[in-house]
Amino acid sequence: MYEELLQDLGLTKSEIAVYFALLDLGSSSTGHIIKKAGIAAGKIYLILNKLTQKGLVTYAISSGTKYYQAKDPQRLVDYVNEKEQELSHKKKELTKILPLLKSQYSEPNYRTSAEIYEGFNGFKTLYEWILQELHRKDTIEVLGVPKAANDIFEGYILDWNSRRIEHGINMRIIYNHDNREYGKLREKMKLTQVRYIKQEFETPAWIIIFKDYVTTINIQSGSPTCFLIKNKDVAQSYKKYFDLIWKTAEK
């Protein structure tokens, strides 16, 4: 159990074996360490050097021979603190260059034109990403939501809508005709307009339109598959289709 913890802190299995061998042996030459730790003789100096650099091992020279000794285990806590400070510094440096990295990511050759999200985790990943992409006074339009979708995802979707409203994002949503139970809850929400599609226009999938994106979501055996497309012309076409359905949909 301790090996897994120490590996998470950045120590290798060989470093852990040598360190614990030294805890047991006390001051020792390399020969005894090799035997106790059960490692290859050719690696011992490299491992001891790394442990010394990490401040976990020290050594003294007597009659021309190096004798190594493990530092107090309290040093492990100090080592973790140093790693935290190092990570904090790296985080600050990363924050400084993040705008440059984002600008490079947004270049045409880095853009993804189509993506697929599968399963409930994929569904949530997509919805969380949509929330990040939208800004105050933006509008998201949803077409043809079946009752089965709300039956499965209602808890998560209610929380998502609450955060959407906090961010000042508008929604127009057209439910399938049999989904008024959930639609009535949405009608009470701020920044939300609700209508209902006629039965003859219903499909098993639903469509989400926002900015230059179109998402089609289908549920098969209770597990969603989400197709995301980024294309301005396609999004505008779907937007026109949504507006047409919205005019004829029931309130």
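The values are calculated or read from the model by the stated rules, or taken from the named source; none is laboratory data. No experiment lies behind these values; they were computed from the predicted model shown. A quick note on method: Cβ atoms are made from the backbone with ideal geometry, for glycine too, and the neighbour counts reach across all protein chains shown.
Worth pointing out:
- Helices (runs of 4 or more DSSP H) fully within the stretch 16-107 counting 1 or more residues that are under 36 Å from the mean Cα position of the chain (by Cα): 44-53, 74-105
- Test: residue in the stretch 235-248 that is in contact (Cβ under 8 Å) with a residue 40 or more places away in the chain and in a loop (DSSP other than H, G, I, E, B): no
- Among the numbered conditions (1) touching a residue at least 60 places away in the same chain (Cβ under 8 Å); (2) surrounded by fewer than 16 Cβ atoms within 10 Å (Cβ to Cβ); (3) hydrophobic (A, V, I, L, M, F, W, C), the only one that Trp206 does not meet is (2).
- Some residue of the stretch 177-192 being in contact (Cβ under 8 Å) with a residue 60 or more places away in the chain and of a type outside the set (Gly, Ala, Ser): yes
- Counted as qualifying within the stretch 132-215 are the strands (runs of 3 or more DSSP E) with 1 or more residues that are under 19 Å from Ala249 (Cβ atoms) and in contact with a His (Cβ under 6 Å, 6 or more places away or on another chain), namely 192-196.
So that you can scan it fast, the table gives a plain yes or no per residue for (1) among the acidic types (Asp, Glu); (2) outside the structural domain of Val18 (by TED's automatic domain parsing); (3) modelled with pLDDT of 90 or more:
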| position | (1), (2), (3) |
| --- | --- |
| Lys36 | no, no, yes |
| Leu46 | no, no, yes |
| Val57 | no, no, yes |
| Ile61 | no, no, no |
| Lys83 | no, yes, no |
| Glu86 | yes, yes, no |
| Pro99 | no, yes, no |
| Thr125 | no, yes, yes |
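- Meets criteria (surrounded by 10 or more Cβ atoms within 10 Å (Cβ to Cβ), among the aliphatic types (A, V, I, L, M) and modelled with pLDDT under 90) for Val142: no
- Residues (exposed (fewer than 13 other Cβ atoms within 10 Å of the Cβ) and not hydroxyl-bearing (Ser, Thr, Tyr)) located in the stretch 237-251: Lys240, Asp243, Leu244, Lys247, Glu250, Lys251
- Among the residues making up the stretch 29-44, those that are free of Cβ contacts under 8 Å to residues at least 24 places away in the same chain and out of contact with any strand residue (DSSP E or B) (no Cβ under 9 Å at 6 or more places or on another chain) are Gly31, His32, Ile34, Lys35, Ala37, Gly38, Ala40, Ala41, Gly42.
- With respect to the conditions (1) within 22 Å of His135 (Cα to Cα); (2) free of Cβ contacts under 8 Å to residues at least 24 places away in the same chain; (3) more than 23 Å from the chain's Cα centre (by Cα), Glu200 falls short on a single one, namely (1).
- The listed residues are Gly55, Gly26, Gly64, and the only one of them that is under 22 Å from Lys13 (Cα atoms), surrounded by fewer than 13 Cβ atoms within 10 Å (Cβ to Cβ) and free of Cβ contacts under 8 Å to residues at least 60 places away in the same chain turns out to be Gly26.
- Residue check for Ala17: touching a Gly at 6+ places or on another chain (Cβ under 8 Å), not polar (S, T, N, Q) and not assigned by TED's automatic domain parsing to the domain that holds Asp212: yes
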